[in-house]
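What follows is a single structure, written as C-alpha cells, with notes after it.
The values are calculated or read from the model by the stated rules, or taken from the named source; none is laboratory data. Computed from a prediction, not measured in an experiment: that's the story for all the values here. Here the Cβ is made from the backbone with ideal geometry for all residues, glycine too, and neighbour counts use every protein chain on show. Calculation scope for accessible area: heavy atoms of the full protein, side chains included, ligands and nucleic acids excluded. Shrake-Rupley method; radii C 1.70, N 1.55, O 1.52, S 1.80 Å.
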Amino acid sequence: MTLARMDLVLEVREIDASIEYYTRTLGFELTGRAGTEGEQRLDRGLGADDWAHVEAGATSLVFVPLEGGAENSVPVMTGSIYLYPEDVDKAWDELHEHVEVTWPIRTWPYGMREFGVRDVNGYWLVFGQAVDDLSPRVGTLSLPRLVDRAKTGDEVRKPPGCGAGRGRSVCRPCRWAWSFAFPMALRRRKPLPVANVSTAPTPGTSSRIRCVRRCWSGTVTPSGTCCAGCLPSASTRGRASICTTVAFPGSRSRA
Amino acid sequence: MQLLDAIPMLETDDVEGTADFYVEKLGFKQHGRFPGTGAMTWASLKRDRAQIMFSAREGGARRAPMWTGAIYCHALDVGRLWEELRAEVEVERELNTNPRGTLEFTIRDCNGYRLRFGESE
C-alpha cells in the first residue's frame, strides 16, 4: 500500500488570516479553498466544511476551523512543523523581520542549521537545513562562504553590534571565526575541565597542579593544593573552576 | 524562498516505543535517529512519501502530547490499508465516505496523535 502524499491538517482560528500569513509572509502558495469559484470568493456560511490548502514543496498544509470553535478552544501542538527551505540563511534574511522569531538562526551540534518562528495561530515552525559544513560562522555566513564573498567583493556582513576590525571587542561568533582563520593572532582559550577542590591531589603524592587563566605559567605547590590564583572564590561558587589538576605518575613535586 | 518539504516533529515521552509502534503497526521504516547509538531522543519515520519525526518531550513544564490537527496520508488503496491496520490500532473513525466523496478513516497513534488516511486522488 503506497502512501502517495502527506498533508498536515491544522485547526486554525481564522482560515483567511492563516492563508494571508502563510502566502504573503512565508511564501506558500494557495492551492485550494472551499467556497471559491475561479478567483471569486463565494460568500456563504461554510462552517465545518470550510478549508484551505497551501502548498510547500511535497507537503500541503490544510487549514480547517477549530473543532470546538474559535471561542472555546485554542490551537495547540506539542511539537512543531519542520520546514525545509532550499537555503536556510536566505530564508532567515527574508523572514526574520516580518515574523515572530522564537529562536534566531544557529547551527546545532546535530548538524542542522535552524531558526524558529511562531505562526499567526501560535503553532511553532522550524526552518532548517542540514549542514555538512559545521565550520565557524560570522553572523549567518560560514567561513567558506565568507571567503567567497570577500573574493567576489560583496559586502561582508557582521552580526549587529559587532565591532570586529574596528579595535573594539570582538563578538563571540566573530572571535570563533577569527580564531579559525587567524589562529596565531587570536588564540582561543579552550574550555577548561572543571576541577572540584576535593579532587585536588593529596599532599605528598606525585602530582602537579596546572593553574590556568590567572596564572598562566603553571604553578605547583608542595602541599598539592591550588595556588592562590586558583583558589575557589565566591565568584566560582566554591569550586576551583579555573584550576585543572593533572597527575603525572613518578614526577616530583616541586615548590 | 523555496520550501522543499514540511514534516511534523511531534513530542513524545517514549521515542523508542513510538518508533516501534510506527514500524510494527503502521508499516513505517525508521529513516533516521539521534543519537546514533543508545537511547533515542529523536527518530524519523517514513513510509513512502509520508514522513514523521518524533522528539523526546522535555520533562516537567510542557503538557502531554496534544495537537489540534492531524497528519493526513493519501493512500493509493485506502480500503486495503484499512483492512491492514484496523485490528492493530485504536480507531477513531471507521472507514467512511466524507462529504466530498473521499473514502477515509481516522486512527490515533500510541501518543494520541491523530492520523487520517484518505484515498489518493
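Could you tell me the center-to-center distance, by alpha carbons, between region A:64-126 and region B:50-121 in angstrom? After rounding, the separation between the Cα centres reads 22 Å.
Hey, got the dipole for region A:83-133? About the Cα centre, +1 on K and R Cβ, -1 on D and E Cβ, debye to the nearest 20? Walk me through the numbers on the way to the answer.
Values: 4 positive and 11 negative charges, 51 e Å.
The calculated dipole for region A:83-133 is roughly 240 debye.
Within chain B, what percent of beta bridges assigned by DSSP are antiparallel, to the nearest 5? Here the share of antiparallel DSSP bridges comes out near 70 percent.
For the chain pair B and A, the interface hides roughly 3800 square angstrom of accessible area in total, found with a 1.4 Å probe. Between the Cα long axis of helix B:15-24 and the first principal axis of chain B there is an angle of about 30°, rounded to the nearest 10.
Once the Cα-Cα distance is subtracted from the 0.36 nm per residue extended length, the A:THR31 to A:ASP93 segment shows a gain of 19.7 nm. Charge dipole (Cα centre; +1 on Lys/Arg Cβ, -1 on Asp/Glu Cβ; no other charges) of region B:1-107 amounts to roughly 320 debye. For the pair B:LEU76 and B:ARG93, the difference between a 0.36 nm per residue extended length and the Cα-Cα distance amounts to 4.2 nm. Taking amide H atoms as placed 1.01 Å from N in the peptide plane, the amide H of B:GLY69 lies under 5 Å from those of A:GLU11, each 5 or more residues away in sequence or on another chain.
Per-residue extension of 0.36 nm, minus the Cα-Cα distance of A:ARG118 and A:VAL101, leaves a gain of 5.5 nm for this segment.
Computed over chain B, the per-residue total of -39500 (n - 2.57) for DSSP H runs of n ≥ 4 gives a 222 nm mean residue ellipticity of -4000 deg cm²/dmol, rounded to 500.
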